């Protein structure tokens, strides 16, 4: 299973990165006796649609799943709709979109379409259902409610390992946007890679119930025994080294800072 960062800037697109967007892929049976690459996109923030085109044909994406409906995580859903509807070779097949209740209405509000526009030709919407795993080829996706000012979910993806002599299955846990909460424990327990937001900085951002800091992300990684911590969703005004140092102070494993194009193969 592979994770590729498409965009990782927090709260907005940044000078060097689109907003939040992550591509998770795994090779597995195609149902017809062959093998193909299965692809799921986690969030699709501002600027990420164009960057995504460098890594995968949108026609080959199997599922788009949204952690929550803030614009910095979903704005380019509009671009995906336009691409699928107006492609010069003809409309693309419907794409499964899983998100919080009200995803279609949120898209309509951003797109400016009237109530007659239901996007049925481009998307097949489904609400997140905690406790009900979704099977996508060789990958299993689960969602967990987390702590943010709007309904929000962390996303856990389990799939085949590429490691010889290691476990057959590996897990990527993506926190989405959240502060510390009980839902993060089952989301991230024993994750091989914990992709954690760290939008806030210790001593600078004191409001609670919105975001993690590098320290709180590191504490989570320690609690759940994550094998690797990748910090993401840093705003353009935040120094990555400062947030990384916070995490290193409470977590003994490897700590990376997400960057566009970075890839981890598990």
Based only on the alpha carbon positions, what is the Kirkwood hydrodynamic radius of region 58-114, in angstrom? 12.0
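For region 9-104, what is the convex hull (Cα atoms) projected area averaged across all directions, in square nanometres?
Here the figure is 6.9 nm², rounded to one decimal.
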First obtain the Kirkwood hydrodynamic radius of region 85-235 from its Cα pairs, then insert it into the Stokes-Einstein equation at 37 °C and 0.692 mPa s, and state the resulting D in µm² per second as a whole number. 190
Bins of 10 Å, beginning at zero and ending with the bin holding the largest distance: percent of Cα pairs per bin for region 207-247, please. 28, 56, 16, 0
Sort 178, 132, 171 so the one with the fewest other Cβ atoms within 10 Å of its own Cβ comes first. 132, 171, 178
Return the ratio Rg/(2.2 N^0.38 Å) for region 2-265, where Rg is computed over Cα atoms only. 0.96
Over what distance in Å are the Cα centres of region 162-222 and region 18-93 separated? 23
Using 7 Å Cα-to-Cβ label points, what is the residue 132/residue 245 separation (nm, one decimal)? 4.7
What value in Å³ per residue do you get for the convex hull of the alpha-carbon atoms in region 31-173? 140
Could you pull out which residues in region 96-125 have an amide N less than 15 Å from a spot 7 Å beyond the Cα of residue 87, following the Cα-Cβ vector? 96, 121-124
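Would you calculate, for the chain, the mean residue ellipticity at 222 nm contributed by helices, counting each DSSP H stretch of 4 or more residues as -39,500 (n - 2.57) and dividing by all residues, to the nearest 500?
Computed mean residue ellipticity for the chain: -5000 deg cm²/dmol.
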How high is the FRET efficiency between residue 223 and residue 265 when r is their beta carbon distance and R₀ equals 25 Å, given to the nearest 0.05? 0.45
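Quick note: the coordinates plus some simple rules give every number you see, no bench work behind them. All of these numbers come straight from a predicted model, not from anything done at the bench. Cβ: placed from backbone, ideal geometry, glycine included. Neighbour counts: every protein chain shown.
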